[in-house]
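A.B. asks: Take a look at this one; I'll ask things after.
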Amino acid sequence: MYKYIWLVPLLPLLGAAINGLLGRKLRFSETVIGGIAVGSVALAFLISVVAVYSYGFGSHAQWPNPYLTSQDGFSFNWIPGGAVSINQGLHERSAVEAQKQAAERFAAMTPEERAQYQGVFVAGNTSPRYALLNIEWSYQLDPLSSIFMLVVTGVGLCIFIFATGYMHGETGFYRFFAYMGLFMFAMLVLVMGSNFLMMFVGWEGVGLCSYLLIGYYFDRQEAANASRKAFITNRVGDFGFALAIFGIIAVFGSAQYTEVFDQARAFPREPLGQWGVLSWIALGLFIGACGKSAQLPLHVWLPDAMAGPTPVSALIHAATMVTAGLYMVTRTNVIFQHSQTMLLVVALVGAATAIFAATIGITQNDIKKVLAYSTVSQLGFMFMACGVGAFVIAIFHVMTHAFFKALMFLGAGSVIHGMHHEQDMRRMGGLKKYMPYTYWTFFAGWLAICGIIPFSGFWSKDEILWNAASTTQIPLGWLIWLVGTIAAICTAFYMTRLMAMTFWGRERFLEAHAGGEADEAHASAYDKGLAPHDAVHPAAGDRPRHQPGEHVGPVHEDVAHHVTTHGHADEDHGHHHGAHIPHESPPSMWVPLVVLAILATIGGFVGVGPAFNFITGAEHPGGRLNIVNWLNPIIWDPATGDFKHAEGGHGEAAESHESAPVAASEHGSAPISHGFNLAHAVDNVVHSHLLTEWIFIIISLIAAGIGILLGFLFYVWRPALPNIWAQRLRPLYHASYNKYWVDEFYGWAITRRTMDAARAVFTFDFKIVDGIVNGLATVSRGFSRVVGGVDKYFVDGLVNTIGAFIVRLMSPLLRAAQTGLTQNYALVMVLGLMIAVAAFFARDIATALRNMFAAIM
Amino acid sequence: MLNSFIPILAFLFQEVVGNDRLAQMKHAATHPDLSKFLVIGALLFIIGVAGVLTRRNIIVIFMSIELILNAANLNFVAFSRYLQETGSVNALAGQIFTVFVIVVAAAEAAIGLGIVIALYRNKETIWVDEIDLLKW
């Protein structure tokens with residue numbers, strides 16, 4: 001069955017094409033557009049489920065070997081290349097293997113190709129220096145891509161359904177779903193491609209769709225700016241990614257995953273501080289991942305991306321696209337694990353991002369901004385996991401995060417919808433009563449992200465922290481664990497704050513001007529002289545659907561009476577309730593919430609860790625259904641120098657480092673251990689591996705508890721405390737509230753410098769280049785003036801003099817002939833006639849005259 | 001008129017050239033051949049041309065043109081007569097042509113006089129040497 005997976009990306013593309021090309025022309029109704037979009041994604045999801053099931057558990061299951069659609073002919077020759085020089089890849093392998101491969105390729109060639117490449121392959125007998133680069137468009141189904149297929153189509157389906165309710169009444173309904181479908185296509189190409197160039201196509205495709213969707217309300221300056229910011233920031237990362245792809249092709253002579261990793265695993269590991277070729281490739285890849293997944297130097301675009309509609313934020317900027325970086329890093333884990341330096345860099349960047357974004361999230365007031373910084377922080381956690389070598393756990397966290405963060409974004413969308421496009425949490429509160437479905441689903445998401453034990457977030461986050469503490473791949477594991485734990489406390493704190501400000505407490509939307517101060521975006525709009533929209537500040541969210549000047553915020557009853565024209569495109573908004581009492585969202589919105597809430601609650605059970613083996617009876621229970629076992633075959637194991645064994649839970653190598661560093665060292669597989677290892681230290685004290693793990697589990701639970709309790713203390717029990725502490729920690733509060741001034745710094749250090757450079761270049765262009773051109777023009781003008789003078793005075797003079805002379809000579813004669821008197825002309829005619837006759841009869845006349853003379857004489 | 005002079009001329013010629021010669025001339029005068037007509041036609045033509053070229057009065061020029069036309073008519077008629085004598089098949093064509101020419105000349109005279117009147121109204125002259133509009 002799984003040979004039909006090429007349909008999975010194609011169906012959303014088809015839906016997008018129908019919606020985008022015909023939606024406007026044929027004036028499809030929202031039902032038709034939504035039906036096409038949701039239907040195509042649902043079908044793709046269905047095919048994915050069937051394909052993954054038959055890939056992993058069917059009667060002809062191919063797991064864990066990657067399946068390429070080219071095996072069944074569902075592929076085409078995309079970029080037929082030629083011979084590429086491979087200076088390093090094959091040299092690193094044994095010469096015998098290289099020769100064998102060259103011989104195989106030669107044997108597989110058609111006679112024409114053979115004639116073309118004969119010299120290359122036969123002459124380079126000892127070490128072939130060329131390979132055939134031939135990139136084909138074929139999809140790959142393997143443990144990693146199957147998980148992403150399911151997450152992208154499954155979570156995507158929920159979000160599509162949600163969006164049909166959320167975007168109801170938008171004029172660009174068809175456009176929205178066309179972009180969303182296009183995004184699904186690009187994302188699926190990204191995760192299902194079988195080579196780096198397909199990944200790059202998907203990579204750029206999702207970047208484009210992200211740009212289009214952030215700028216969905218393109219008539220608003222903030223959205224347009226945010227979309228451009230996202231696109232340009234991603235360009236920086238894509239530059240690194242593109243360089244890495246060039247490097248991969250140059251080194252390995254292929255872009256095919258299977259081929260590249262097969263060669264890469266034979267490379268020597270590059271220890272800390274050594275910058276070999278794989279380190280450079282990994283650096284390029286990681287720069288790309290930083291751009292796409294909003295890691296620290298390049299994170300600035302993601303919070304601004306909240307200017308897009310909320311389903312976009314949920315789908316692209318929380319669940320799928322931003323995890324593309326994780327997908328890429330995990331996909332290339334062979335390369336990353338070969339470079340210990342890059343592993344450390346990944347871990348440190350991830351940890352720094354996690355704590356950095358989490359501290360910003362504490363002070364933000366826009367509900368979507370909080371979630372955006374939370375996403376950045378969680379992505380930092382995932383990179384942390386990659387950096388300490390726990391790639392599987394990173395993907396596990398990608399999955400659980402996709403569930404609970406999509407849930408929370410959609411919940412925020414539901415809140416914004418119910419609050420009539422109010423995003424400022426200071427004007428919310430007490431929504432629990434009005435939006436029960438949203439509240440209870442959000443509640444599940446809250447527990448999940450905080451890491452409370454049965455919820456999905458706990459399993460993945462705890463595994464990340466445990467792997468950080470116990471890593472043997474890189475040094476400084478304890479530091480990363482510490483930072484991660486503090487970030488986890490912050491996470492629990494700001495999510496509790498969000499819950500408290502939104503769903504609990506006083507109903508501040510009933511109070512006039514409850515928010516008090518304007519948002520920074522509101523203020524900046526005011527500063528720029530734009531008319532800031534009442535209550536809905538234009539920077540950070542959805543298009544206000546109200547009439548300009550209409551009072552939308554918290555209102556008194558008398559104000560509400562004045563609001564007679566209610567400019568909602570949405571009919572059931574505002575009319576059924578007088579002042580702006582929030583209302584529960586329609587079923588098309590809360591049903592996906594419920595589905596996602598269930599996933600966020602139980603989704604973690606696919607990755608129950610080894611610490612629970614006294615209950616489950618296995619390190620990773622569930623066989624292939626356990627994500628660790630499912631994914632292990634694509635993870636390169638530095639201990640054995642090969643990919644991990646497939647049969648999870650039973651093979652010894654499968655457990656070697658992922659779960660138990662102590663066990664790994666007992667196996668004598670020579671882990672690279674640097675300095676202080678926290679897990680080892682604890683293990684040495686308690687002398688029980690299991691107990692050590694449980695100590696860390698309890699620590700992470702306590703961290704979550706501390707965060708939640710602090711949140712309750714500050715925002716539920718003692719609501720006066722936040723202001724007091726904001727005053728006491730004023731510098732810190734300001735730094736966090738202003739996002740550590742990173743945007744301002746970039747604006748000063750990069751944007752302004754770029755503009756200065758542009759100005760300098762402009763000056764150069766204006767003064768030098770234009771000067772040269774204009775100077776040439778002046779010179780040629782002077783020259784032409786000289787030539788013109790010669791022409792005018794010499795040539796013309798000559799002509800005029802001679803001409804005038806001739807004319808002066810001839811004109812009296814000719815003038816005299818032209819008397820104007822008819823008789824003169826007639827005379828001339830007669831004379832002419834006579835001359836003509838005389839000439840004609842000249843001989844006769846002569847004869848007559850001669851005769852006459854003769855007669856006379 | 002010529003016929004009334006003939007006896008006198010015959011007498012004078014008889015005295016000068018003798019009888020035979022006179023008889024010949026008498027025969028020739030009473031039976032003029034083609035050349036006589038052609039000579040007279042040529043003289044008329046030349047008189048007409050001279051009139052056109054020398055006279056200043058536009059009316060006289062018209063009359064001279066009539067002379068030219070009549071010279072042509074005379075030639076037509078002469079050739080017609082000559083052809084009748086020699087028994088040609090289409091001997092009357094010259095006479096018919098003459099009638100045509102006379103009609104055309106009448107029309108031309110009518111139009112020409114109209115033009116002369118219009119000219120006089122504008123220029124107040126019929127002297128052609130005062131009308132040099134062709135120069136412009």
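Read-outs: derived from the displayed coordinates by stated rules, not from any lab. Bear in mind the structure is a predicted one, so any value in this text is a computation, not a measurement. Counting neighbours? That spans all protein chains shown, and the Cβs are built from the backbone with ideal geometry, glycine included.
A.B. asks: Would you list which lysines come within 16 Å of B:LYS123, measuring only between C-alpha atoms, while excluding same-chain residues fewer than 8 positions from it?
C.D. replies: Straight-line reach from B:LYS123, under 16 Å: B:LYS135.
A.B. asks: Sort A:794-805, A:274-285 for me by packing, meaning the mean count of neighbouring Cβ atoms within 10 Å per residue, highest on top.
C.D. replies: Per-residue Cβ counts within 10 Å, averaged per peptide and sorted highest first, yield A:274-285, A:794-805.
A.B. asks: Set the Förster distance to 51 Å, then compute FRET efficiency between A:VAL807 and B:THR30 from the Cβ-Cβ distance, nearest 0.05.
C.D. replies: About 0.20, to the nearest 0.05.
A.B. asks: Please work out, to two decimal places, the log10 of the ratio I(q)/I(0) at q = 0.24, 0.26, 0.28 Å⁻¹ from a Debye calculation in which every Cα of region A:703-753 carries one identical scatterer.
C.D. replies: The calculated log intensity ratios at q = 0.24, 0.26, 0.28 Å⁻¹ are -0.89, -0.95, -0.99.
A.B. asks: Over region B:34-135, what is the mean sequence separation of C-alpha contacts under 8 Å (at least six apart), divided by residue count, expressed as relative contact order in percent? Provide the component values of the computation, followed by the final result.
C.D. replies: Working: 89 pairs, mean separation 28.3, N = 102.
Computed value for region B:34-135: 28 percent relative contact order.
A.B. asks: Also: Which of the lysines could a cross-linker bridge to B:LYS26, judged by Cα under 16 Å and excluding same-chain residues fewer than eight apart?
C.D. replies: B:LYS36
A.B. asks: What average number of partner chain Cβ atoms lie no more than 10 Å from the Cβ of the residues making up B:48-54?
C.D. replies: Details: counts 0, 6, 1, 0, 5, 8, 2.
Average per residue, whole number: 3.
A.B. asks: Test of understanding: ordering A:GLU584, B:GLU124, A:GLU222 by Cβ neighbours within 10 Å, fewest first, what list do you get? Display every interim value, and only then the final one.
C.D. replies: On the way: A:GLU584 17, B:GLU124 8, A:GLU222 20.
Ordered by Cβ neighbours within 10 Å, fewest first: B:GLU124, A:GLU584, A:GLU222.
A.B. asks: Mind checking which lysines have their Cα closer than 26 Å to the Cα of A:LYS229? Skip sequence neighbours fewer than 8 apart in that chain.
C.D. replies: A:LYS292, A:LYS368, A:LYS369, A:LYS405, A:LYS528, A:LYS739
A.B. asks: Let me ask something else. How much length is gained if the chain between A:PHE762 and A:VAL837 is pulled fully straight, taking 0.36 nm per residue apart and subtracting their Cα-Cα distance, in nm to one decimal? Display every interim value, and only then the final one.
C.D. replies: Values: separation 75, 0.36 × 75 = 27.00 nm, distance 8.53 nm.
Length gained between A:PHE762 and A:VAL837: 18.5 nm.
A.B. asks: Additional query: Is there a simple number for the mean count of other chain Cβ atoms within 10 Å of the Cβ of residues in A:815-823, and what is it?
C.D. replies: Mean partner-chain Cβ count within 10 Å for A:815-823: 5.
A.B. asks: Please report the orientation-averaged projected area of region A:288-387, defined via the convex hull of its C-alpha atoms, in nm².
C.D. replies: If I average the Cα hull's projected area over directions, I get 5.6 nm².
A.B. asks: Quick one: B:ILE65, A:ILE602, A:ILE248, fewest Cβ neighbours within 10 Å first, how do they rank?
C.D. replies: Ranking B:ILE65, A:ILE602, A:ILE248 by Cβ neighbours within 10 Å, fewest first, gives A:ILE602, B:ILE65, A:ILE248.
A.B. asks: Something else about it: Compare the peptides A:500-508, B:48-56 by average per-residue count of other Cβ atoms within 10 angstrom and give them in order, highest first.
C.D. replies: So the order, starting with the most tightly packed, is A:500-508, B:48-56.
A.B. asks: As a check on your grasp of the helix formula, calculate [θ] at 222 nm for chain B: sum -39500 (n - 2.57) over DSSP H runs of n ≥ 4, divide by the residue count, round to the nearest 500. Mind showing how you got there, number by number?
C.D. replies: On the way: 5 runs with 109 residues, N = 136.
Computed ellipticity for chain B at 222 nm equals -28000 deg cm²/dmol.
A.B. asks: While we're looking at this one, here's another question. Take the alpha-carbon positions of chain B, form their convex hull, and give its projected area averaged over all directions (one quarter of the hull surface) in nm². Provide the component values of the computation, followed by the final result.
C.D. replies: On the way: hull surface 47.3 nm².
Mean orientational projected area (chain B, Cα hull): 11.8 nm².
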